[in-house]
1. Just the number, please: carbon plus sulfur as a percent of the accessible area of the stretch 93-167, 1.4 Å probe, no ligands or DNA/RNA counted.
2. Under 14 Å from a point 7 Å along the Cα-to-Cβ line of THR321: which residues of the stretch 272-309 have their amide N that close?
3. What does the C-alpha gyration tensor say about the overall shape of the stretch 511-622? Classify as rounded when a/c is under 1.5, otherwise prolate if a/b is larger than b/c, or oblate.
4. Can you pull the one-decimal nm distance between simple spin-label points at ARG190 and GLU237, each 7 Å off the Cα toward Cβ?
5. Using 1/(1 + (r/R0)^6) with R0 = 35 angstrom and r between the beta carbons of HIS271 and ASP167, what's the FRET efficiency to the nearest 0.05?
6. Would you please report the Å³ per residue occupied by the convex hull of the alpha carbon atoms in the stretch 281-329?
7. Just in the stretch 488-591: which GluC sites (Glu not before Pro) are loop by DSSP and have at most 14 other Cβ atoms within 10 Å?
8. Can you tell me the accessible area per residue over the stretch 225-338, all protein chains present, probe 1.4 angstrom, in square angstrom?
Amino acid sequence: MENKSPSIEEWKDLYSAAIEFKKLKPWEWMWDSDIFGVQNPATGEIGYCCVTGRAGEHFALGVYLGSEGLDGLLQVQSGEEISSHEPVKLLNQKCLMASFEDRNYIDEQDYEIIRKLGLRFRGQNAWPLFRSYLPGHLPWYLNRAEAKFLTLALQQAIHVCKRFRKDPEMLDSSLLDHFLVRVPEKDGSRWGDQWLEPMDMEEEEVPVGVVDDDALEDLRKLEHQGVWEADFFYFHEAVQDDPEERPYYPYVILWAEKDTGLILNTEVVGHEQWAAVFTESFQKNIENTESLPTEIIVKKEELFDFLEGVTSRLGIKLTLTTDLKVIDQAKEHMQDFQMDDEDKMFEAAIELMMEDESFKALVEDGTLEDVMKKRSIEELVQNESVQSLMEKNRRKFADAPIQENEYDHEQTTLFDHLNSNQSKQREFVDRDHKAMDDYHKLLHEERGIPLLRVELKTELEKLIKKDPDFFDSYLTLFQILQSEGRPSEAMELLDEAYRRAINLITDKKGEWPDLLEWGWLENRHIIRTILNKAISLWKAGKTDDALDIFRKLLKSNPGDNVGARNYILAIRMKMSFKKFEKRFNKGGYYDSSLTNWFEKNYRKFPDEFEWWDKATENTDSL
């Protein structure tokens, strides 16, 4: 029963409720901190609801299930659970989600239901998407029970949101830790309000590491030397053991030697096996090093409790900390995965084609998918819109001239574009770098387990010599040197990368191109380098120099994927980089408070942003 799919009538009810919720647009007057509950008539469990989208992105209703779900929601809102090293924690929630997405987020299974219901959607953030989230698992399709409860939650959310619009204080309780909850009567025909306190969360039993007495006697004879770090965390790619089961994120168990930066041991295991495998990996480390550590450092309380019994009997100091120098560095390098050349070309082509309004319309309303299902490729290319698009992009790719006279670099490609005034715009697109593939191979083994840090530095230096105009190698080494307390060497490296990047993109007169867009994957290593240089100048108090670079980045890339406009506004408002980070950095990411701050203040500087406002005013919005 649990995995039974919803019937077509249940899907119809859910989509109808979602459409009505979207028409209401409650994100125009509610924040995600305005939390209320809806009780599930079938189970009695409370789903704690929040509306997102006030900041202009991710328009949705989240229904967080029970006290565990509420705790996860509150942790995310506080920033406590989010780390730049563990983005998968954003998925470590227990909730149901009804969101409104672009067409490219709707997969074949979702689209088939929409088609059967005879529904049509078009435009940005217009397509309803429903997903179930469980801690440690990939977001998944709803089962029947989840669909029925999410339908009720949407209906009750509409009721609460309408009331909240008239009475913004209705969710404020005079009782500590109580939430307004919509509770059904026994027959389910009527609903009422109750102020309820969340139930206490059930405490999970923490396993304890065990080593048999005979083995302990032998281990006590070994010498103590070195400090080890230990951790386990979710791997960033989901696996699916059974096609019928929900994919999950396995655990990575990682041991490292703090002083040398060596990775001692790595294991990838299922959720149920981590304790046994952790004990085995500990013993394996001892066998390989033929010694015991003097100290083991961990940052999870459950891991501290797990190891305490064993370490105390072996005379090993056990320390609980907030940072693991080597392992945190390893986690950072596990985030990114290599894209092969075909993937990169496909993504770049799609990004370019989505800029074309005719192609965008074909995708968003589902016409392209319908045509492709019903027609052959030969028939498809006879479509008038597709022919027009093909000709437009054929000219853009094949006939765009390389401006070798003005930009005297073999690795640069400069496209001519015509704007509405028929004046030429010069666009810089860098060449492909084989070093990009080598760089990603260097950082990751087959399943993303990182290279040893000491070896990494040596290999990065080799990469820089091999291709001195591929700058991600510089930036990674720059970060390593900074983390090792070698700022002078780090800055010399960044300066060299920046000098080369500027030489690459400017013409003989030292002029920047009109366009240096993030949408081209080939340009991103250059933009990252220039951005890092500007930030370093800002940190050093050289605000005029930093401001000049930020302005050029924004002018050449108005889409501003890197947030140059935020830095410009901060400098104009006499804010130091340290103050900016303290205010907006939430542990490795910026939340909606930065967006809201920018929207509130940027119009105070029309000399700075009036051109940008006009350049982006045609951007589609909800």
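1. That fraction is 46 percent.
2. Flagged as within label range: 294-300.
3. Here the stretch 511-622 falls in the rounded category.
4. Computed distance between label sites ARG190 and GLU237 equals 5.7 nm.
5. 0.20
6. With only Cα atoms used, the stretch 281-329 gives 86 Å³ per residue.
7. Of the GluC sites (Glu not before Pro), the ones in loops of the stretch 488-591 whose Cβ has at most 14 other Cβ atoms within 10 Å are GLU511.
8. 44 Å²
The values are calculated or read from the model by the stated rules, or taken from the named source; none is laboratory data. As the structure is a computational prediction, the values presented were derived from the model and not from experiment. Counting neighbours? That spans all protein chains shown, and the Cβs are built from the backbone with ideal geometry, glycine included. Just so you know, the surface numbers come from the protein's heavy atoms only, side chains and all, with ligands and any DNA or RNA stripped out. Shrake-Rupley method; radii C 1.70, N 1.55, O 1.52, S 1.80 Å.
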